[in-house]
Structures are given as structure tokens and as C-alpha cells.
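Reading through the C-alpha cells given below for one structure.
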Amino acid sequence: MHELGLTQNLIEIAEVHARREGAAAIKSLTLKIGSLSGVFPDAIEFAFEVCSKGTLAQGATLEILCIPAIGRCQQCSAETSMESLADSCPECGSFALDILQGQEMAFTEMEID
């Protein structure tokens, strides 16, 4: 469950930035998680509840924005939604797709108090 380690790192990064701004608490955090990132949003939510105890993020809300995967075919340049890394182009059948989005995990916003 690498989500536990990812969540611990997220909270550490958030605390560093919150302390730098003189905050007493973190009220909310927003993450973007791509559908092909290999990160399970439900596991992040569970880990956040556990990892935030005793930190500036205790009691904070966690908003997770799920980013759909989109690929572009190297053969015909068609853009398509993707469900897996093994998807093919619906236009020409090529498996040579460049992933444009959907593999990211990004800490994008934080509200502090």
C-alpha cells in the first residue's frame, strides 16, 4: 500500500508550507489523481485520516479530483480517452499512444488558518 507513504509525504509537504506561512492549522487539501496513476483515491482518503492525526492537518478536509486519462495516437494523431495502458487507438488500431494526462498525482491547493 504505497498510498500510506504518499499520504505521509503529502502531509509533511503541506505542514512545511503551512508553517512557512505562520498557519496554526490546515483546513483543506486538494489533490489531482490521474486514473492511470496507480494511486487509489479511496486508499489515500483512508490513509489521510490516519496520518493526519496529531498534525496541522488533523480535521482537515481532503478533496480529490480524479483526472481521466487521455492519449494521442502516434500514427494518426487522434486523441482518445484511455482505460488502461494497453488501450489502442479507436481510429486506426495502433497501440502507440502517448499519454497526455491521467498519470499524475499533484497536490494543487491548501487552505490554512
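Taking every alpha-carbon pair under 8 Å whose residues sit at least 6 apart, segment 15-113 reaches a relative contact order of 40 percent. With respect to the chain, whose longest principal axis is taken over its alpha-carbon atoms, helix 2-20 is tilted by about 50°.
In this structure Arg72 has an accessible area near 90 Å², from a 1.4 Å probe over the protein heavy atoms.
Placing +1 on each Lys and Arg Cβ and -1 on each Asp and Glu Cβ, with no other charges, gives the chain a dipole about its Cα centre of roughly 260 debye. The value obtained for segment 24-113, namely the Cα convex hull volume divided by the number of residues, is 78 Å³ per residue. Taking amide H atoms as placed 1.01 Å from N in the peptide plane, the amide H of Met82 lies under 5 Å from those of Ala69, Ile70, Gly71, each 5 or more residues away in sequence or on another chain.
Counting only DSSP H runs of at least 4 residues, each contributing -39500 (n - 2.57), and dividing by the residue count of the chain, the helix-based mean residue ellipticity at 222 nm comes to -8500 deg cm²/dmol. Proximity of backbone amide H atoms, modeled 1.01 Å from N, is registered between Ile112 and Lys27 at under 5 Å, excluding neighbours fewer than 5 places apart on the same chain. In the chain, the DSSP beta bridges split such that about 70 percent are antiparallel, to the nearest 5.
Between the Cα long axis of helix 41-51 and the first principal axis of the chain there is an angle of about 20°, rounded to the nearest 10.
Measuring between their Cα centroids, segment 88-113 and segment 31-47 lie 13 Å from each other. Computed with a 1.4 Å probe over protein heavy atoms only, the accessible surface of segment 1-68 comes to 55 Å² per residue.
Atom-type composition of the exposed protein surface of segment 1-81 places 52 percent of the accessible area on carbon and sulfur (1.4 angstrom probe).
The values are calculated or read from the model by the stated rules, or taken from the named source; none is laboratory data. These numbers come from a predicted model, not from an experiment. Every residue, glycine among them, receives a Cβ derived from its backbone with ideal geometry; neighbour counts consider all protein chains shown. Only protein heavy atoms, including side chains, enter the accessible area calculation; ligands, DNA and RNA are left aside. Shrake-Rupley method; radii C 1.70, N 1.55, O 1.52, S 1.80 Å.
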